[in-house]
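Structure, as C-alpha coordinates:
The values are calculated or read from the model by the stated rules, or taken from the named source; none is laboratory data. What you see is a predicted model; the values in this text were computed from it and never measured. Counting neighbours? That spans all protein chains shown, and the Cβs are built from the backbone with ideal geometry, glycine included.
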Amino acid sequence: MPSLRDCSFARGWSLQSFHPFGIDSRVIKYMPMKEFIYSRNAVYETLRAKRRQVFSIEIAEGAQEKGKIEQILKLAKEQKSKISRAPRGKLDKIHENHQGVIAEVGAYPYVNVIDILERARQKSELPFVLILDSLQDPQNFGTLLRTAEAVGVHGIVIPLARTVEVTPAVVNASSGASEHLLIAQSNLSQAIDSLKDAETWIVGLDQHGVQMEAGSRHLRGAVGLVVGSEGEGLRELTRKKCDILLKLPMRGEIESLNAAVAGSVSLYLAYLARNS
(Lines give C-alpha, C1' and ligand atoms only; values in the text may rest on other atoms or scores of the structure.)
Protein backbone atom coordinates (compact mmCIF):
# COMPACT_ATOMS: atom_id res chain seq x y z
CA MET A 1 0.00 0.00 0.00
CA PRO A 2 1.65 3.29 -1.07
CA SER A 3 1.74 6.10 1.45
CA LEU A 4 -0.09 9.34 0.78
CA ARG A 5 3.25 11.13 0.57
CA ASP A 6 4.20 8.88 -2.36
CA CYS A 7 1.12 9.79 -4.41
CA SER A 8 1.13 12.30 -7.24
CA PHE A 9 -1.65 14.35 -5.61
CA ALA A 10 0.07 14.59 -2.21
CA ARG A 11 1.01 18.22 -2.86
CA GLY A 12 -2.56 19.35 -2.46
CA TRP A 13 -5.17 16.58 -2.55
CA SER A 14 -5.64 13.31 -0.66
CA LEU A 15 -7.92 10.36 -1.41
CA GLN A 16 -9.25 8.70 1.72
CA SER A 17 -9.48 5.47 -0.29
CA PHE A 18 -5.77 5.00 0.48
CA HIS A 19 -6.78 4.09 4.00
CA PRO A 20 -5.92 0.35 4.45
CA PHE A 21 -9.50 -0.42 5.55
CA GLY A 22 -11.04 1.04 2.42
CA ILE A 23 -12.83 4.29 3.25
CA ASP A 24 -15.26 5.31 0.49
CA SER A 25 -13.08 6.24 -2.52
CA ARG A 26 -15.61 8.90 -3.57
CA VAL A 27 -14.69 11.01 -0.55
CA ILE A 28 -12.00 13.52 -1.50
CA LYS A 29 -10.81 16.32 0.74
CA TYR A 30 -8.31 19.09 0.38
CA MET A 31 -5.33 18.88 2.71
CA PRO A 32 -2.37 21.29 2.50
CA MET A 33 0.96 19.52 2.20
CA LYS A 34 3.29 19.86 5.16
CA GLU A 35 7.03 19.41 5.33
CA PHE A 36 9.79 19.74 7.87
CA ILE A 37 12.32 22.57 7.66
CA TYR A 38 15.50 21.89 9.62
CA SER A 39 18.59 23.82 10.82
CA ARG A 40 18.65 27.11 12.68
CA ASN A 41 19.12 29.55 9.81
CA ALA A 42 16.52 27.81 7.63
CA VAL A 43 13.87 27.82 10.37
CA TYR A 44 14.70 31.39 11.43
CA GLU A 45 14.42 32.79 7.88
CA THR A 46 11.19 30.86 7.27
CA LEU A 47 9.67 32.54 10.31
CA ARG A 48 11.13 35.92 9.42
CA ALA A 49 9.86 35.81 5.82
CA LYS A 50 6.25 35.02 6.92
CA ARG A 51 5.43 33.44 3.57
CA ARG A 52 4.55 29.97 4.83
CA GLN A 53 2.22 28.79 7.54
CA VAL A 54 4.32 27.47 10.43
CA PHE A 55 2.32 24.79 12.23
CA SER A 56 4.80 23.89 14.95
CA ILE A 57 8.36 24.32 16.18
CA GLU A 58 10.21 21.56 17.98
CA ILE A 59 13.34 22.39 19.96
CA ALA A 60 15.71 19.63 21.05
CA GLU A 61 15.76 18.93 24.75
CA GLY A 62 18.87 20.48 26.27
CA ALA A 63 19.26 23.15 23.55
CA GLN A 64 19.96 26.48 25.22
CA GLU A 65 17.60 29.36 24.52
CA LYS A 66 20.18 31.79 23.26
CA GLY A 67 21.48 33.06 19.92
CA LYS A 68 19.49 31.84 16.94
CA ILE A 69 17.31 29.52 19.05
CA GLU A 70 16.25 32.48 21.18
CA GLN A 71 15.38 34.46 18.04
CA ILE A 72 13.40 31.52 16.62
CA LEU A 73 11.38 31.19 19.83
CA LYS A 74 10.66 34.91 19.88
CA LEU A 75 9.33 34.90 16.30
CA ALA A 76 7.38 31.67 16.85
CA LYS A 77 5.64 33.15 19.91
CA GLU A 78 4.81 36.34 18.02
CA GLN A 79 3.29 34.26 15.20
CA LYS A 80 1.48 32.01 17.68
CA SER A 81 3.13 28.86 16.35
CA LYS A 82 3.00 25.78 18.56
CA ILE A 83 6.32 25.31 20.40
CA SER A 84 7.44 22.14 22.12
CA ARG A 85 10.55 20.36 23.38
CA ALA A 86 11.43 16.96 21.93
CA PRO A 87 14.16 14.33 22.45
CA ARG A 88 17.05 14.76 20.04
CA GLY A 89 16.41 11.23 18.83
CA LYS A 90 13.01 12.31 17.50
CA LEU A 91 14.57 15.19 15.58
CA ASP A 92 17.33 12.89 14.30
CA LYS A 93 14.67 10.75 12.60
CA ILE A 94 13.54 13.77 10.59
CA HIS A 95 17.05 14.92 9.65
CA GLU A 96 20.44 14.35 11.23
CA ASN A 97 21.57 17.94 10.62
CA HIS A 98 18.69 19.59 12.47
CA GLN A 99 20.95 21.72 14.74
CA GLY A 100 18.42 21.35 17.54
CA VAL A 101 15.35 22.76 15.76
CA ILE A 102 12.67 21.53 13.34
CA ALA A 103 9.68 23.42 11.95
CA GLU A 104 6.59 21.82 10.44
CA VAL A 105 5.46 24.19 7.70
CA GLY A 106 3.19 24.48 4.70
CA ALA A 107 4.28 23.99 1.10
CA TYR A 108 6.59 26.46 -0.61
CA PRO A 109 4.62 29.39 -2.13
CA TYR A 110 5.61 29.45 -5.79
CA VAL A 111 4.67 32.48 -7.89
CA ASN A 112 4.48 33.25 -11.62
CA VAL A 113 6.71 35.32 -13.87
CA ILE A 114 4.35 38.29 -13.72
CA ASP A 115 4.88 38.48 -9.94
CA ILE A 116 8.64 38.67 -10.48
CA LEU A 117 8.31 41.51 -12.98
CA GLU A 118 5.92 43.27 -10.62
CA ARG A 119 8.46 43.11 -7.79
CA ALA A 120 11.01 44.85 -10.04
CA ARG A 121 8.42 47.49 -10.94
CA GLN A 122 7.54 48.10 -7.29
CA LYS A 123 11.21 48.70 -6.54
CA SER A 124 11.54 51.00 -9.56
CA GLU A 125 14.32 48.75 -10.87
CA LEU A 126 14.98 47.07 -14.20
CA PRO A 127 14.25 43.32 -13.99
CA PHE A 128 17.06 41.09 -12.71
CA VAL A 129 16.03 37.44 -13.08
CA LEU A 130 17.83 34.12 -12.68
CA ILE A 131 16.62 31.33 -14.98
CA LEU A 132 17.67 27.76 -14.18
CA ASP A 133 17.48 25.24 -17.01
CA SER A 134 16.95 21.80 -15.43
CA LEU A 135 19.33 22.11 -12.48
CA GLN A 136 19.36 18.83 -10.52
CA ASP A 137 21.48 19.17 -7.41
CA PRO A 138 19.84 20.64 -4.25
CA GLN A 139 23.17 22.00 -2.99
CA ASN A 140 23.82 23.84 -6.27
CA PHE A 141 20.27 25.19 -6.26
CA GLY A 142 20.61 26.37 -2.67
CA THR A 143 23.96 28.04 -3.38
CA LEU A 144 22.51 29.93 -6.36
CA LEU A 145 19.47 31.01 -4.35
CA ARG A 146 21.67 32.35 -1.58
CA THR A 147 23.75 34.33 -4.08
CA ALA A 148 20.66 35.53 -5.93
CA GLU A 149 19.14 36.87 -2.73
CA ALA A 150 22.39 38.58 -1.79
CA VAL A 151 22.65 40.50 -5.08
CA GLY A 152 19.01 41.55 -5.18
CA VAL A 153 17.62 39.30 -7.90
CA HIS A 154 13.89 39.94 -8.29
CA GLY A 155 13.05 36.31 -8.89
CA ILE A 156 14.06 32.88 -10.15
CA VAL A 157 12.41 30.78 -12.86
CA ILE A 158 12.67 26.99 -12.92
CA PRO A 159 11.07 24.46 -15.32
CA LEU A 160 7.85 22.62 -14.57
CA ALA A 161 9.52 19.20 -14.64
CA ARG A 162 12.88 17.40 -14.59
CA THR A 163 14.42 19.88 -12.18
CA VAL A 164 15.16 20.28 -8.50
CA GLU A 165 12.41 22.07 -6.58
CA VAL A 166 12.41 23.99 -3.30
CA THR A 167 12.72 21.11 -0.85
CA PRO A 168 13.81 21.28 2.80
CA ALA A 169 17.32 20.34 1.63
CA VAL A 170 17.34 23.35 -0.70
CA VAL A 171 16.05 25.66 2.03
CA ASN A 172 18.89 24.45 4.26
CA ALA A 173 21.51 24.75 1.49
CA SER A 174 20.38 28.32 0.80
CA SER A 175 20.58 29.12 4.54
CA GLY A 176 16.95 30.17 4.33
CA ALA A 177 17.42 32.58 1.40
CA SER A 178 14.77 30.66 -0.56
CA GLU A 179 12.11 31.99 1.82
CA HIS A 180 12.73 35.60 0.79
CA LEU A 181 12.80 34.93 -2.96
CA LEU A 182 10.07 34.78 -5.60
CA ILE A 183 10.45 31.49 -7.47
CA ALA A 184 8.27 30.64 -10.46
CA GLN A 185 7.72 27.20 -11.96
CA SER A 186 7.04 27.72 -15.64
CA ASN A 187 7.54 26.50 -19.16
CA LEU A 188 10.95 28.09 -19.73
CA SER A 189 10.30 28.97 -23.35
CA GLN A 190 7.11 30.84 -22.43
CA ALA A 191 8.77 32.44 -19.40
CA ILE A 192 11.63 33.75 -21.54
CA ASP A 193 9.14 35.14 -24.05
CA SER A 194 7.36 36.96 -21.22
CA LEU A 195 10.65 38.43 -20.02
CA LYS A 196 11.53 39.51 -23.55
CA ASP A 197 8.14 41.20 -23.84
CA ALA A 198 9.23 43.18 -20.76
CA GLU A 199 12.39 44.19 -22.66
CA THR A 200 14.65 41.91 -20.63
CA TRP A 201 17.94 40.84 -22.28
CA ILE A 202 18.36 37.05 -22.00
CA VAL A 203 21.97 36.03 -21.33
CA GLY A 204 22.87 32.34 -21.36
CA LEU A 205 25.98 30.90 -19.70
CA ASP A 206 27.64 28.55 -22.16
CA GLN A 207 31.25 27.39 -22.53
CA HIS A 208 31.04 28.08 -26.28
CA GLY A 209 29.83 31.64 -25.79
CA VAL A 210 31.61 34.98 -26.02
CA GLN A 211 34.06 35.65 -23.19
CA MET A 212 32.49 37.73 -20.46
CA GLU A 213 34.17 40.99 -19.48
CA ALA A 214 33.91 43.10 -16.33
CA GLY A 215 31.25 45.75 -16.80
CA SER A 216 29.92 43.98 -19.89
CA ARG A 217 27.14 45.91 -21.58
CA HIS A 218 25.24 42.62 -21.92
CA LEU A 219 24.84 42.48 -18.14
CA ARG A 220 23.56 46.02 -17.68
CA GLY A 221 19.92 47.01 -17.65
CA ALA A 222 17.15 44.41 -17.57
CA VAL A 223 18.83 41.00 -17.46
CA GLY A 224 17.65 37.40 -17.40
CA LEU A 225 20.67 35.20 -16.63
CA VAL A 226 20.26 31.57 -17.74
CA VAL A 227 22.27 28.79 -16.04
CA GLY A 228 22.18 25.25 -17.43
CA SER A 229 22.16 21.91 -15.68
CA GLU A 230 25.17 20.12 -14.24
CA GLY A 231 27.08 18.38 -17.00
CA GLU A 232 24.52 19.00 -19.76
CA GLY A 233 24.52 22.81 -19.72
CA LEU A 234 21.76 24.62 -21.58
CA ARG A 235 19.23 22.63 -23.57
CA GLU A 236 19.17 23.43 -27.28
CA LEU A 237 15.75 25.11 -27.20
CA THR A 238 16.81 27.30 -24.27
CA ARG A 239 20.11 28.15 -25.95
CA LYS A 240 18.26 29.34 -29.08
CA LYS A 241 16.01 31.53 -26.94
CA CYS A 242 18.97 33.46 -25.50
CA ASP A 243 19.88 36.86 -26.95
CA ILE A 244 23.56 36.13 -26.36
CA LEU A 245 25.73 33.36 -24.92
CA LEU A 246 28.59 34.30 -22.60
CA LYS A 247 31.30 32.33 -20.84
CA LEU A 248 33.52 33.15 -17.91
CA PRO A 249 37.23 33.66 -18.69
CA MET A 250 39.38 30.68 -17.58
CA ARG A 251 43.17 30.89 -17.17
CA GLY A 252 43.84 27.63 -15.35
CA GLU A 253 43.96 24.02 -16.49
CA ILE A 254 40.38 23.16 -15.56
CA GLU A 255 37.99 23.68 -18.47
CA SER A 256 34.92 24.86 -16.60
CA LEU A 257 33.31 25.71 -13.27
CA ASN A 258 30.29 23.92 -11.86
CA ALA A 259 26.84 25.43 -12.32
CA ALA A 260 26.61 26.96 -8.85
CA VAL A 261 30.03 28.62 -8.98
CA ALA A 262 29.68 29.87 -12.57
CA GLY A 263 26.17 31.15 -11.88
CA SER A 264 27.20 32.86 -8.65
CA VAL A 265 30.18 34.61 -10.24
CA SER A 266 28.02 35.74 -13.16
CA LEU A 267 25.32 37.04 -10.82
CA TYR A 268 27.88 39.22 -9.06
CA LEU A 269 29.30 40.45 -12.38
CA ALA A 270 25.77 41.36 -13.45
CA TYR A 271 25.16 43.09 -10.11
CA LEU A 272 28.34 45.15 -10.51
CA ALA A 273 27.56 46.00 -14.16
CA ARG A 274 24.01 47.06 -13.29
CA ASN A 275 25.26 49.30 -10.50
CA SER A 276 28.28 50.79 -12.24
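Details
Residue-by-condition table, conditions (1) charged (D, E, K, R); (2) surrounded by fewer than 13 Cβ atoms within 10 Å (Cβ to Cβ); (3) at pLDDT below 95:
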{"residue": "VAL27", "(1), (2), (3)": "no, yes, yes"}
{"residue": "ARG52", "(1), (2), (3)": "yes, no, no"}
{"residue": "GLU58", "(1), (2), (3)": "yes, no, no"}
{"residue": "GLU78", "(1), (2), (3)": "yes, yes, no"}
{"residue": "ASN97", "(1), (2), (3)": "no, yes, yes"}
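- Filter result for LEU219 (under 21 Å from THR163 (Cα atoms) and touching a residue at least 40 places away in the same chain (Cβ under 8 Å)): no
- The criterion of at least 1 residues that are of a type in the set (Ser, Thr, Tyr) and closer than 28 Å to ASN187 by Cα is met, among strands (runs of 3 or more DSSP E) falling completely within the range 24-128, by 28-30.
- Count of residues meeting criterion [in a helix (DSSP H, G or I) and crowded, with 22+ Cβ neighbours inside 10 Å] in the range 129-162: 8
- Being in contact with a Cys (Cβ under 7 Å, 6 or more places away or on another chain) and not in a loop (DSSP other than H, G, I, E, B) holds for only one residue in VAL265, VAL226, and it is VAL226.
- Members of the range 68-111 that are on the phi > 0 side of the Ramachandran plot and either in contact with a helix residue (DSSP H, G or I) (Cβ under 8 Å, 6 or more places away or on another chain) or not assigned by TED's automatic domain parsing to the domain that holds LEU47 (or both): GLN99, GLY100
- Test: residue in the range 184-193 that is closer than 28 Å to PHE36 by Cα, among the charged types (D, E, K, R) and more than 11 Å from the chain's Cα centre (by Cα): no
- In the range 205-227, residue surrounded by the fewest Cβ atoms within 10 Å (Cβ to Cβ) [restricted to those that are touching a Ser or Thr at 6+ places or on another chain (Cβ under 7 Å) and of a type outside the set (A, V, I, L, M, F, W, C)]: GLY215
Listed here are the residues, each with its yes/no results for (1) in contact with a helix residue (DSSP H, G or I) (Cβ under 7 Å, 6 or more places away or on another chain); (2) outside any helix (DSSP H, G or I).
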site	(1), (2)
VAL164	yes, yes
VAL170	yes, no
ALA191	yes, no
SER194	yes, no
VAL203	yes, yes
GLU213	no, yes
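- Of all residue pairs spaced 6 or more apart or on separate chains, those with beta-carbon atoms under 7 Å, a first member in the range 175-204 that is modelled with pLDDT of 95 or more and a second member that is among the basic types (Lys, Arg) and not in a helix (DSSP H, G or I) are GLU179/ARG51.
- ARG239 passes every criterion in (1) surrounded by fewer than 20 Cβ atoms within 10 Å (Cβ to Cβ); (2) touching a helix residue (DSSP H, G or I) at 6+ places or on another chain (Cβ under 9 Å); (3) in a helix (DSSP H, G or I) apart from (2).
- Any chance ALA150 is modelled with pLDDT under 95, over 10 Å from the mean Cα position of the chain (by Cα) and of a type in the set (A, V, I, L, M, F, W, C): no
- There is at least one residue in the range 240-256 that is touching a Phe, Trp or Tyr at 6+ places or on another chain (Cβ under 7 Å) and modelled with pLDDT of 95 or more.
- Residues of the range 98-119 that are of a type in the set (S, T, N, Q) and either within 18 Å of the chain's Cα centre (by Cα) or within 28 Å of VAL157 (Cα to Cα) (or both): ASN112 alone.
- Subset of the range 242-260 that is aliphatic (A, V, I, L, M) and free of Cβ contacts under 8 Å to residues at least 60 places away in the same chain - its residue that is surrounded by the most Cβ atoms within 10 Å (Cβ to Cβ): LEU246
- Residue check for GLY224: on the phi > 0 side of the Ramachandran plot, of a type outside the set (Val, Ile, Thr) and touching a strand residue (DSSP E or B) at 6+ places or on another chain (Cβ under 9 Å): no
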